[in-house]
Structures are given as structure tokens and as C-alpha cells.
Amino acid sequence: MDILSIGGIVFAIACILGGQALEGGHAGSLVQATAAIIVVGGTIGAVAVAFPMPDFMRGVKMLGLIFGSKKDDTGEIIKQIVELATIARRDGVLALEQQVQNIPDPFLKRAVSFLVDGVDAAVARESLEGQIFHEFEENQTGAKVWESAGGFAPTVGILGAVLGLIHVMENLSDPSKLGPGIAVAFVATVYGVGMANLFFLPMANKAKRKVGLEKERKTLIAEGVLSIQAGLNPRVLEDKLNALTGGHYATDHKD
């Protein structure tokens, strides 16, 4: 579970409700089923029109990435690649065949399989980079679903407010209903703007960042395995991979 994502949403809502309470308002005034139906339903409908079904469902699946937490295993990946490079340098590339089944990461396993099968370096690079690019573009599309929701929600909220005001205008003969009616109308705007800026747009940004990190991780793996194929010295390879991460996982070499 991504505590920062959950905590950020809870903190933002708590501050908004707390500020309203300090001004003498109460949370109950913001609970309007009609406004929620208009804003949520209208936003979902607009997004459904904007994206094909596979892209729409990809956006829904992105919730797992947005609110899920994945351990940063970059250090372990670098260590494993360097170990594979050491074996290849000492015993030859074919010696890696015994190591393939013990590799838990699917992408690293596929890359090392290319190495063991003797796939040409250019072909291996094209295949690995193609997979990285394809997965990145698909996941970016999923993030754009939430970004679009953040764009549609405020406008749908304004639409809900206008509809509410129309209802108020229909009851001008009863002044006692004007104040509460106007308040209810503007709740739809609150819902639209709030959902866009507290949920949809931040979720899209979080998804894009996590997708970018995964792309960097797989690019690191591809570069590492292709460097093994090129016969790069394990120590030099370790320095190269650490440089790609900004030196965050660098360790002192021992002679």
C-alpha cells in the first residue's frame, strides 16, 4: 500500500473539512447525492467517450499501481547482473543457461535468455527496447485516463451547478428555498473541482511517475545484459549501471 497516496488524500480532505468547520460550516452541507451522481456519472461517461474500452480498462487497472507499493529492487538487480557478468567472463556465456531458471524477474530472465540463445546484439536490443517502449506507452495511456477525468470533472461540476440554479429559478415564488437551493447547486462545483484536484490529477501524476521509474528499471536491465554480451568487465559494468541510477546504489570496490 502506498501510504503517501492514501495519507495525502486523507490529509487534504481533513484540512478542507477542518477549514469549513472553522468558518462555521458543517460536513453535512457537502453531502448531496444528486450532485455526486451528476459529477461522478458525467465524468465517467465523458472519459468512456474519450477512450476505447481497452484504454479505459487499462486506466482502471492503474489503480493498483497508484495505490500499491512496490519495493525498490534496483540495488539487487545491479548485483544480480554483475554476478551474471562474472560467471559469463569466467565460464563463458553458455554457463548462464543454468542461471536462467533462477532469475525471478521476467524481463531480466527474457534478456538473459537472448544472451544464452546467441541472439544477435542488435536484434536483442531492438526486441528489449521495443518491449520497454510498448509497455511504457500502454501505461502512459492508462495514466492519461485519469488525467482526462481531472479535466472533465470541473466542467461537469459547473454543469451540475447550472442545473441546480435552474431548479432554484423555478422556485422563485418561495424565497425560503432560494438560499438552500443555491447552496446545493454549488456543491456540484465543489465536487467537480475537488475530485479533479484532490484525486484525478494527482493520481495521474503518481501513475506517470511510477511508469517512468519502471521504464528506467527495465532500461537498466537491458543495458546491463547487453553489456555482458559485449564482454564488458564486471567491475566496469557495475560502475556503468550505478552511473545510470545517479550513483544511488554504488558501493566501494574491494581489491
Fill in: Residue under evaluation GLY160, criteria (1) of a type in the set (Gly, Ala, Ser); (2) crowded, with 20+ Cβ neighbours inside 10 Å; (3) modelled with pLDDT of 90 or more; (4) farther than 30 Å from VAL123 by Cβ, criterion not met
(3)
Discussion item. Can you report the number of residues in the stretch 85-123 which are farther than 27 Å from LYS208 by Cα and either among the hydrophobic types (A, V, I, L, M, F, W, C) or touching a Gly at 6+ places or on another chain (Cβ under 7 Å) (or both)?
Written reply: 17
Discussion item. Condition first: in contact (Cβ under 8 Å) with a residue 12 or more places away in the chain and loosely packed, with under 11 Cβ neighbours inside 10 Å. Now tell me which residues in the stretch 1-22 satisfy that.
Written reply: MET1, ILE3
Worksheet, complete the sentence: Apart from one, (1) modelled with pLDDT under 95; (2) over 12 Å from the mean Cα position of the chain (by Cα); (3) closer than 14 Å to LEU201 by Cα; (4) not hydroxyl-bearing (Ser, Thr, Tyr) all hold for ALA149; the odd one out is (1)
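Before we move on, is VAL119 over 30 Å from VAL156 (Cα atoms) and without any contact (Cβ under 8 Å) to a residue 60 or more places away in the chain?
Answer is yes for this residue.
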Worksheet item: Which residue pairs have Cβ atoms closer than 9 Å, lie 6 or more positions apart in sequence or on different chains, and pair a first residue in the stretch 146-172 that is farther than 30 Å from MET62 by Cα with a second residue that is of a type outside the set (A, V, I, L, M) and buried (at least 23 other Cβ atoms within 10 Å of the Cβ)?
Response: ALA161/GLY192
Fill in: Elements of type helices (runs of 4 or more DSSP H) in the stretch 23-116, at least 2 residues being open to solvent by 60 Å² or more (accessible area, probe 1.4 Å) and free of Cβ contacts under 8 Å to residues at least 12 places away in the same chain
33-50, 53-67, 74-91, 106-116
Response to the item:
If you go through GLY194, GLY130, the only one that is under 30 Å from LYS70 (Cα atoms) and in contact (Cβ under 8 Å) with a residue 12 or more places away in the chain is GLY194
Worksheet item: If you scan the stretch 117-129, which residues turn out to be among the aliphatic types (A, V, I, L, M) and either in contact with a helix residue (DSSP H, G or I) (Cβ under 9 Å, 6 or more places away or on another chain) or not in a helix (DSSP H, G or I) (or both)?
Response: VAL119, ALA121, VAL123, ALA124, LEU128
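The values are calculated or read from the model by the stated rules, or taken from the named source; none is laboratory data. All values reported here derive from a predicted model rather than from experimental measurement. Note that we place each Cβ from the backbone using ideal geometry, even for glycine, and neighbour counts take in every protein chain shown. In case anyone asks, the SASA skips ligands and DNA or RNA and just uses the protein heavy atoms, side chains included. Shrake-Rupley method; radii C 1.70, N 1.55, O 1.52, S 1.80 Å.
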